[in-house]
Amino acid sequence: MAFPNISDILATTIESRSRSIADNVMENCALYMKLKVGGRTKTISGGDKILQELSFAENGNAGFYSGYDRLPVAAQDVLSAAEYDIKQAACAVVISGLEQLKNSGKERMIDLMDSRMTVAESTMVNLLCNAAYSDGTGYGGKEVTGLDIAVPLDPTTGTYGGINRPTWTFWRSKVVDDGDATTIQASMNSLWAQTVRNMDHPDLIVADNTHWSAYVASLQALQRFTNAETGELGFPTLKFMGTDYILDGGIGGSCPAGTAFFLNTKFLHWRPHAQRNMVPLSPNRRYATDQDAEVQILAWAGNMTCSGAQFQGRHDINA
């Protein structure tokens, strides 16, 4: 006899694994992991948009004075917020009536669900890790607004986070399009200098296979490999200006070809919804209306946000 509460098993399996799935998303992407260890992961609880507070100007009241000089106390409008849409992702886990009959007994059904949940979990991990590099236009504009729009090839055009880049120069990231892998270190030095402000500087560099290979070749006998145990994030890394330089390409990588992102993660944020962070979409039974099947959906909602685009950089070479 088939176990009668298949949907309950689906829902409880997702519920029991939701934290580990969310953790796996963070731990399988160098950027997400950096945001996690840096405390830049913060849930949202609702609202039409995700608001990310930012400072766009200095306080004009600051200055030197002497004796009885009058001190300026004018009101200062120096804070605002970027606005980001809430994006959604999901993966359905389905079981047919025939599979229920063939896998009768609670233990056998749990084994089947565990296998299918493993596949759904890895699928969601890959989906969100790849989205870290998206421009937000995938899936009809429903994809996460990733690095390809946060740090675009042309930061003088378009709108990001609801802020118009042509109008607001403080919202423009930095770009060096080298075009020549033989001068990669000199042009990386140039980009580094453009993204530094006092103690603020890039604390993570992620690169695709092409950029990684060119940088490794440029190091020659002075290769600066560290191992996963000593790397800050647990990823095998190189170093540039003391900052982890990580290959985030490899098999199926989504980092744009010939690109390295110079990231100051102090100003980047991962904002999942508190009630939709790898959870069952509904704990109730879900039936296919015209099929002998049941389904449960692993769901996520949120977005990647930025509070300081001017501190982010992009280095491109010929792919």
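Table for the structure above
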| read-out | value |
| --- | --- |
| Modelled FRET efficiency - R0 45 Å, residue 199 with residue 94, Cβ distances, 0.05 increments | 0.30 |
| Over 32 Å between alpha carbons, listed pairs 49/239; 142/174; 87/239; 34/87; 36/102 | 49/239; 87/239; 36/102 |
| Packing-based ranking, highest mean first, of 198-209, 254-265 given that Cβ atoms within 10 Å are counted | 254-265, 198-209 |
| Those residues of region 291-319 whose amide nitrogen sits under 20 Å from the label point placed on residue 217, 7 Å along Cα→Cβ | 315-319 |
| For region 122-184: rounded, prolate or oblate by the Cα gyration tensor [a/c cutoff 1.5] | oblate |
| Sequence-distant residues sharing a close amide H with residue 145 (under 5 Å, placed H) | 304 |
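A short reminder: the numbers here are calculations on the coordinates, not readings from a lab. Here the structure is a predicted model, which means the values were calculated and not measured. Don't worry about glycine lacking a Cβ; one is built from the backbone with ideal geometry, like all the others, and counts go over all protein chains shown.
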